[in-house]
Every structure is written in C-alpha cells, then in structure tokens.
Amino acid sequence: MDNQPTSLADFIVSDAKAVRLEPGDDARALLPHLARLALVEIAFPTFRDGRGYSAARILREAGYGGGLRAAGDVLVDQIVYLRRCGFDSFAPNVPLDPAVMDGALARYPAVYQRAADGVDPVWKLRHG
Amino acid sequence: MYCYDHYDQAIVDARVDEFRDQVKRRLAGELSEDQFKPLRLMNGLYLQLHAYMLRVAIPYGTLSSAQMRMLATIARKYDRDYGHFTTRQNIQYNWIKLSDAPDILADLASVEMHAIQTSGNCIRNISSDQFAGAAADEVTDPRPWAELLRQWSSFHPEFSYLPRKFKIAVIASEQDRAAMRLHDIGIRIIERDGTLGAQIYVGGGMGRTPMIAPLIKDFVPLDDLLSYIEACLRVYNRYGRRDNIYKARIKILIHELGADEFARQVEAEFAHVKTLDLDPPRAEFERIAAQFALPSLVPKALAAPNVASDYADPAFTQWLTQNTHPHKVPGHAIVTISLKPLGGIPGDASSSQIDVMADLAQRYSFDELRVTHTQNIVLPHVAASDLRAVYDALVAAGLASSNVDLISDIIACPGLDYCSLANARSIPVAQKIAARFADTARQRDLGELKLKISGCINACGHHHAGHIGILGVDRKGTENYQLSLGGSGAEDVSLAKITGPGFDEDGIVDAVTRVTDLYLEVRDPGERFLDTYRRVGMDPFKEVLYG
Amino acid sequence: MKLLTGNDLKSGAVTWWTGSGWSIHVADAADVGGAGEPILQSEEGARRVNAPYLIDAVATPDGPAPSHIKDRVRAVGPTVRRDLTLKPADTWAL
C-alpha cells in the first residue's frame, strides 16, 4: 500500500511515499526526502492543537508540491486557515457538509498576510 | 487615525457574516458548545458569570468620536447602559445575549470596529502608548506599526490555534506607558545612527508566574519587523507547551529554553522567513502612517487660560496638575479623564458619560480619544484655551476626578462581581480604599501611587505591576487578600513582592493605610512610595503590617 | 442540597432547574440530590440549557442559598450594582 502514510520514524528509514506527522514531529525532518513524497498527512488529534498549521507551511515553503492532508478533529471552521497553510485534502473525524465548506471557502474576499496558498495579501493589492 | 479602505471593510463584513452563520448553527444544535466556544472566543464573546460578555477591540486604544458614540449606543441598545474599559485598552459589555451578538458585530462594523481576536488562543489586541502622537518624548508615533501588526495578525492562518493567548505592545519612547515588558512581545522603536529599528522583548507576562520580558533582539530594522515577529510566533506555535494550561504562555518557553537559545531559534527561523516576502512594502507603511499625521495644531503661547481667574479656582488647577500632561505642540495639553470617581467602579462609564466624552473629543480633541491600560480615557490634543470648557463639561458629567496616578486611581479587574474565573471581589475593595483615602490633600501628599487589584491569579488587574498590589484569593470559601509591594509596569519595571499572610476585606484597607503611613514617615524628599520601598526594603513594611 | 444551574443558550441568563423547567430565580431551584447528572445531560442535549453544572446550596426561609460566594453572586447579580440584581434586597449575596 504505497500511499498508506507511515510514521515519521518509519518513513525516514524506508522508501515509503506517504508519511503521517503527529503534532510533536518536526516537519523539517522531511525536507531531505521531499522528492519521494506523494502525500503528507498531518494529524490534528484536537483542533485546538495548532502545530499542524506550522508543519504544513514549512513543507510548502520548502517547495513540497505533493498532497497535504489534515486528518482528525478538523471542523469546517478551520478549513480556510488549513487551506491557506497549504492543505489540499481533509480526512475529518466527522464528515464535513460540502455546502457549509464551500460557503466558508468563499466567504473572505481578501487576506491580510502571505501564507502558503500563494494568494496576494491586501498590501500587495493596494500597491502592486 | 487609521480609516478602513474597502478591503478592510469587506473583511470585517465577512467576519460578521461568518459569525452570524456560526451563531445560527449553534442555536440550531449543529455546533456543540465545545466546538462553538473557540469560535465565539475569537469574536470576543465569553460566557461569563451573569450572561455573555462581549469584549470589543479598540486597536492600540485609539478611537474616534463616532466610534465612541457607537460604544454608547451598544450599551444602551443591547446591554445595561454602561461599559467597562479594560487593562488592555478594550471595552467590555457584561449583559449580552447570544442572539444579539451578530447584530452588535454588524453595528460595530458600520463604524469600522470589531471584536476579532479579543479572546482565544490567538494574537490579541496590539496595545500601545496612550500618549502616542502627542507626547514629546517619542521617536516616532508607534501606532502605524501597531496597525501593521494588527492587520498582519488578523485571521493569521498559522497562529490562530496557539498554545495560549498572545499579547503584543508597541511603544516608541524611553518612558514605558504601556507596560511593554510585561507582554508576550514588547516592541520599543528606537533610533540608532539615524535609522529607526525595534528592540524586541519576548516572554513577559503576569498571571500565575509573572515574568519580565528579556531583550531577545537588540535592533530589528523596521522593514523586517513583521518577518521577525512571524519567526517568534512560529517558534512559539511549534514549541510552546500544550500539556498544561498554566505553562502554555511563551514566557514559560523562554524560561525553559533560556533567552539565548530562544533567540537563536528565532534567528534561524527569521533567516528563512525573510526569504518569503512577508513584509509589506514601505509604501504600505507610508499609506498607514499618513493617517496618523498630527492634526494641524497651531502652536500657541504658553498655556494661558481664557480668564485669569480660572487659575484662582483650586479645583480646576488641581485637575490641571493631576490630569493633564504636556503636549509636544506648545499651548496644548494631553487630557486624561479619570474613570475612578469616588464610589464608582474603576473603568466603568455610563452610556451618557461615553457620549459626553465623544462630544468633547469631537469639539476639543480633533475627534480622537484613547483608552489607557489603566482604565482611563485620554483626549490627546486639547488646546490650553479649551481646558476650562473641557473641565466644566467633565464636572457636569461626573468625570472630573483629579486623581490620575494617585492612590485612588485604582486599576481593578471586574473580579468576583462579574468574572467566573475570580476567587474574590475586587471592586468593593477598590471602593473602600478610595473611600479611606478620599481626602484629596492626603492623596496629593502621597503622590504617585499605582495601586492595582486582581480578583484572581490570572492578574487581569496587573497587581504584579502595582506599587501596591492586591490579589484576592479564596481561603476556605472566604475572600482573602494578599498584599504586595514594589511592582512597576513602567520603564523601571519590577514585580511586586508579597508582604506575608493575607487579610480580610477590612484588614486589607487597614494594611494599605499602614504601609502608606510608613511611607509618609520615612520618605526622603522627592521619593515616591515606590522609591521609598526600593530604598528601605520590605522589612519595615512587614513590621508595621504584622508587628 | 444540590442545585442544577446553567445559562440560557440564547440570552445567556443564569438559569436554575426547578424540577420541571428552568427559571432565572434561584428561589425556584429544586434540590436534585444525587440525581442531577442525567437531568443535566438530557437538558443540555436538548439545548434547553448551556454549560450546566451542579452546585451545593443550603435551604433558607427565602429559598435555596448557594454555598459558595461565587454562586451567590451569580444567582443574584453584582454586589456593586444593586440596581442590576434580581432581588436587590438580598443580603446573603454578600
């Protein structure tokens, strides 16, 4: 099962293409291995633990272009921030209502800061 | 002051929309309280002792008369006709209904206000110097930088689920009027070799384990400021403790890593973050700074009242002495309105008083007010020739207490009368102390004496930074009060020390009397209470307290 | 005695379980004894109360008086704004 995410420790010593990061794992440990990665799954055991947001951005900032999945206690109210940090798929414990999700993603017309989604922040729109 | 452009307005309007939807889902049962709680907290809505409490953001404590009037309107329309100004330059309403909250946020948005991130484990209101833009001792107005930080921190996708809350203060003078060293990040803008830069202090805070922020970086060029702060936040988000709510602030991380190691980690992250083009261009700073330009104040001859006989009025001259501060433009003054009247509740103002202050700001202060972290209100740009008119209006509104920085200018958290976190009531203690020291001559004799009261260990009353600090605790179901001495939130920052065993409500008032009597007895000329304490130490005070 | 208390979800008002419903007056509160937990669960689940919990109280001629000062303040209102309290004359709020 090539794309079944393994733990970080196992991933490093194997030739797996998918890895799962727990909140305490250092995302930078993956940087030497980005070329072989197809999927990084980042765990959110509780939505209050925001370490996964940093992990995701760090990977995107390093040029990681593969799949980045937020798994666990993921609620629709975190979707916008997760997307902005570079997540492109979600494995929530409780399925998300697609209509509510689409509404959330379409709600904000602009963003104040650069993140991993490549969207220009307001200061860029103001001054070009 | 800063005015929204269409982007700012659209974002705030979207937030109102989003919250309206979240409230709807909560009331319909689609969101549990556990899921809804962090969402309502990120809009400043607490479930408190008596009802929902809404904390409205007043960015770096600056607001216009129109905004002040809306705060009065909200008090009248949705609450019980008053508001409470806080130690973080915000305002709180104590009697809010959840079903009204979306409409309140919509009303606020109509005057470019919001309650975004005034609670929750995210970056909170950026605080600043209440005299910014008016005081002569600043190297620049810090507020454009505070505004840049406000925008950068709003809806920051990486830093909205931090280990704990995060408070940033920005100042630009040697004098620290914002208790900058007692924040998670304190920024002091300085000039060095003709260039402006920032000294960055990280890891201050009060609460259970008060700490003074160490200097982490001596000089960050201002063009790099946001990148550096981003790096600090990322290190905190990744490594701050999440196992214990009482050890989750960044001050604990710095304490455990050591300032040097923390600085090293931030430097490494900063080197990386600098490559990401996160910092707005200079043009954005200039766009914002232009809106903070000093109003055109014509320098006038040295403060001369309209009528010479005004100065024969001791009440007015007393108010001038205590409640006004020199303005950088001659012939003008910075006015502080004390919200600590005898018998009142520290920091509270009725809706009609709020309207009076809005009117005064519009007429006499170029439409601008400030909220101080000591729970008072400032009119920053008043012509000396208008001071009498301002004073008379304040007298009529019950807002002319001439006690700024005196012992009755007490900072008190809402305490057990309002707050579900509290262990003891703070407001009655403040009132009793103020009553004991009602004699204005005695207050003036005591001079500068910053007394701060917290109703629990969370220290929202900043008692660790009090020249005299009082902490209310629960001792076997009864309210008990610990006395501490020698704290300061100014540039001579220090943490107050506990004197010894606590006192009951009457006992703590007596204790304050004893320590102030001792001060009067042993002080050297020119010494404040704080200075005398620092010179003679704790022992003489312990002696008069415990015999 | 044990009282079941919480807040009204919509208004935020402090409420007390009366035995058959919810009242904002602590004088109406019922002693739930050791049986409060199941009532708490079902009332919260039905969204008839928010953030409910059980407290200790003692019976008095004026009705149940919460044992802890915090609960007494919560039952009546701020001691420093008697004009905002439910029963301003109450003395056991102190």
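Return a yes/no flag: does the range B:39-60 have any residue that is facing another protein chain (nearest Cβ under 9 Å), of a type in the set (Phe, Trp, Tyr) and touching a residue at least 24 places away in the same chain (Cβ under 8 Å). For the range B:39-60, residues facing another protein chain (nearest Cβ under 9 Å), of a type in the set (Phe, Trp, Tyr) and touching a residue at least 24 places away in the same chain (Cβ under 8 Å): present.
In this structure, is residue A:43 surrounded by fewer than 17 Cβ atoms within 10 Å (Cβ to Cβ) and either of a type in the set (Lys, Arg) or more than 8 Å from every other protein chain (Cβ to nearest Cβ) (or both)? The answer is no for residue A:43. Taking the range B:230-260 as the range and being part of a helix (DSSP H, G or I), within 12 Å of another protein chain (Cβ to nearest Cβ) and closer than 21 Å to residue A:85 by Cα as the test, the residues that pass are B:230, B:231, B:233, B:234, B:235, B:236, B:237, B:238, B:239. Only residues that are in contact (Cβ under 8 Å) with a residue 60 or more places away in the chain and buried (at least 24 other Cβ atoms within 10 Å of the Cβ) were counted in the range B:122-141, giving 10.
Apart from one condition, residue B:350 fits all of (1) in contact with an Asp or Glu (Cβ under 7 Å, 6 or more places away or on another chain); (2) away from every other protein chain (no Cβ under 14 Å); (3) surrounded by fewer than 22 Cβ atoms within 10 Å (Cβ to Cβ); the exception is (2). Scanning the range B:166-204 for residues that are outside any loop (DSSP other than H, G, I, E, B) and not hydrophobic (A, V, I, L, M, F, W, C) yields B:173, B:181, B:186, B:188, B:191, B:192, B:195, B:197, B:199, B:201. Taken over the range B:261-302, the criterion of being farther than 26 Å from residue A:120 by Cβ, within 13 Å of chain A (Cβ to nearest Cβ) and loosely packed, with under 14 Cβ neighbours inside 10 Å is satisfied by B:268 alone.
Picking from residues in the range B:57-103 that are part of a loop (DSSP other than H, G, I, E, B) and farther than 18 Å from residue B:146 by Cβ, the one that is farthest from the chain's Cα centre (by Cα) is B:97.
Counting only strands (runs of 3 or more DSSP E) that sit completely within chain C, those holding 1 or more residues that are closer than 26 Å to residue B:102 by Cα and touching a helix residue (DSSP H, G or I) at 6+ places or on another chain (Cβ under 8 Å) correspond to C:2-7, C:14-17, C:50-60.
Residues are listed down the side, and each one gets a yes or a no for (1) in contact (Cβ under 8 Å) with a residue 12 or more places away in the chain; (2) over 18 Å from residue B:373 (Cα atoms); (3) more than 14 Å from chain C (Cβ to nearest Cβ):
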residue	(1), (2), (3)
B:428	yes, yes, no
B:438	yes, yes, yes
B:446	yes, yes, yes
B:470	yes, no, yes
B:487	yes, no, yes
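Tally time: how many residues in the range C:47-59 are at the interface with another protein chain (Cβ under 9 Å from one of its Cβ atoms) and over 13 Å from the mean Cα position of the chain (by Cα)? The number of residues fulfilling the criteria is 1. Going by what's in this entry, would residue A:87 be described as over 9 Å from the mean Cα position of the chain (by Cα) and surrounded by 23 or more Cβ atoms within 10 Å (Cβ to Cβ)? It is false that residue A:87 is over 9 Å from the mean Cα position of the chain (by Cα) and surrounded by 23 or more Cβ atoms within 10 Å (Cβ to Cβ). In the set (1) modelled with pLDDT of 95 or more; (2) of a type outside the set (D, E, K, R); (3) not assigned by TED's automatic domain parsing to the domain that holds residue B:200, residue B:295 fails one condition alone, (1).
Consider residue B:78 carefully, then state whether it is among the aromatic types (Phe, Trp, Tyr), touching a residue at least 24 places away in the same chain (Cβ under 8 Å) and either more than 14 Å from chain C (Cβ to nearest Cβ) or surrounded by fewer than 24 Cβ atoms within 10 Å (Cβ to Cβ) (or both). Considered against the rule, which asks whether it is among the aromatic types (Phe, Trp, Tyr), touching a residue at least 24 places away in the same chain (Cβ under 8 Å) and either more than 14 Å from chain C (Cβ to nearest Cβ) or surrounded by fewer than 24 Cβ atoms within 10 Å (Cβ to Cβ) (or both), residue B:78 comes out as yes.
When you scan the range C:78-93, do you find a residue that is of a type in the set (Lys, Arg), touching a Lys or Arg at 6+ places or on another chain (Cβ under 7 Å) and within 14 Å of chain B (Cβ to nearest Cβ), even just one? The answer is no, given that none of the residues of the range C:78-93 is of a type in the set (Lys, Arg), touching a Lys or Arg at 6+ places or on another chain (Cβ under 7 Å) and within 14 Å of chain B (Cβ to nearest Cβ). Being surrounded by fewer than 24 Cβ atoms within 10 Å (Cβ to Cβ), more than 14 Å from chain A (Cβ to nearest Cβ), within 13 Å of the chain's Cα centre (by Cα) and within 18 Å of residue B:252 (Cβ to Cβ), is that true of even one residue in the range B:164-183? The answer is yes, given that some residue of the range B:164-183 is surrounded by fewer than 24 Cβ atoms within 10 Å (Cβ to Cβ), more than 14 Å from chain A (Cβ to nearest Cβ), within 13 Å of the chain's Cα centre (by Cα) and within 18 Å of residue B:252 (Cβ to Cβ). In the range B:154-175, the residues that are not assigned by TED's automatic domain parsing to the domain that holds residue B:205 never reach a residue that is surrounded by fewer than 22 Cβ atoms within 10 Å (Cβ to Cβ) and assigned to a loop (DSSP other than H, G, I, E, B) with C-beta atoms less than 9 angstrom apart, at least six apart or across chains. Per the listing A:60, A:36, A:20, the residue uniquely among the basic types (Lys, Arg) and within 12 Å of another protein chain (Cβ to nearest Cβ) is A:60.
Close contacts from the range B:2-23, counting a first residue that is facing chain A (nearest Cβ under 7 Å) and a second that is among the polar types (S, T, N, Q), with Cβ to Cβ under 8 Å and a gap of 6+ residues or different chains, come to B:11/B:154. Considering each residue of the range C:9-29, count those that are surrounded by fewer than 19 Cβ atoms within 10 Å (Cβ to Cβ) and within 20 Å of residue B:50 (Cα to Cα), and give that number. Number satisfying all stated conditions: 10.
The values are calculated or read from the model by the stated rules, or taken from the named source; none is laboratory data. It should be emphasised that the depicted structure is a prediction, and the values quoted were computed from it without experimental measurement. Ideal geometry is used to build each Cβ from the backbone, glycine not excepted, and the neighbour counts take in all protein chains shown.
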